[in-house]
1. May I ask you to sort SER73, SER12 by Cβ crowding, counting other Cβ atoms within 10 Å and putting the fewest first?
2. What share of all Cα pairs of the stretch 1-146, in percent, falls into each consecutive 10 Å distance bin?
3. Give the cross-link partners of LYS170 among the aspartates and glutamates, using a straight C-alpha distance below 19 Å as the criterion and excluding same-chain residues fewer than 8 apart.
4. Ratio to report: Rg/Rh of the stretch 3-57, with Cα atoms as the point set and Rh obtained by the Kirkwood method; give two decimals.
5. Just list whichever of LYS125/LYS164; LYS136/LYS179; LYS14/LYS114 have alpha carbons separated by over 24 Å in the model shown.
6. Which ³J(HN,Hα) values, rounded to whole Hz and listed in residue order, are derived for the stretch 59-76 from phi using the Karplus coefficients 6.51, -1.76 and 1.60 in 6.51 cos²θ - 1.76 cosθ + 1.60 with θ = phi - 60°, glycine and proline given as x?
7. Just want the ordering: TYR9, TYR52, from fewest to most Cβ atoms lying within 10 Å of their own Cβ.
8. Run the helix sum for the chain: -39,500 (n - 2.57) per DSSP H stretch of 4+ residues, divided by residue count, reported at 222 nm to the nearest 500 deg cm²/dmol.
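All of the numbers you see were taken from the coordinates with simple rules; none came from a lab. Because the structure is a prediction, the values reported are computed rather than measured. Here the Cβ is made from the backbone with ideal geometry for all residues, glycine too, and neighbour counts use every protein chain on show.
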Amino acid sequence: MRTEDFNDYLRSNKITVFSVYDAAKMISMPFAYTSKFLNGDRYVKRAARGIYYTSDASEYEAASRIIFPSYVSLVSALRFHNLTEQMPRRIYVVSMRQRKPIRSLNGYVVEFSKARKGLMYGYRKVDGAFVADPEKAVVDMLYLNRFVGYAEEAVESGNLYTTKLERYAKQSGVKAIIKKIGAMLGAYKG
């Protein structure tokens, strides 16, 4: 198969992120050949070892599909939902596995944070990317103890659903998060 035919196949089937194994099946070639084939394709870029994306994929989509399951969260999720003015050059991803950062994904650094299996909720697929709801991003910030100031600002903005935020906090099962969310909501209401 020629690269032009492969790229047409990707476009016509709306495939924007895929593994080298998926590509090997698509072109009916051995794995070793497929890796070389993909490296010579200008339309396809390498996100991580064995994971590729097309120029039609957003950075969020590619970042959230490097590890399965995972989702974009923290400040990146707030930015995705237009709840912060910050324009970070990092995309923060939550997963059940730790991974070294990816240094170059269209000029972004993708940073992974590990969370236990019980915290893999509160995200959905939006435009091909798995992204945390804003309320879940706040819970993740408190759980990971990162960007707590942004979490407080998000709650104070009044743009979050307080019942969903409380439900996600309880679902985390972490008493400190439940208490902190309660205090944040109490300060906001008072």
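1. Going from sparsest to densest Cβ surroundings: SER12, SER73.
2. For the stretch 1-146, the pair-distance distribution reads 12, 41, 29, 15, 3.
3. Excluding near neighbours in sequence, the set is ASP133, GLU135, ASP140, GLU152.
4. Value, to two decimals: 0.90.
5. LYS14/LYS114
6. With the stated coefficients, the stretch 59-76 comes to 4, 5, 4, 5, 5, 7, 10, 6, 10, 10, x, 7, 7, 6, 8, 6, 5, 4 Hz.
7. Exposure proxy ranking, most exposed first: TYR9, TYR52.
8. It comes out at -13000 deg cm²/dmol, rounded to the nearest 500.
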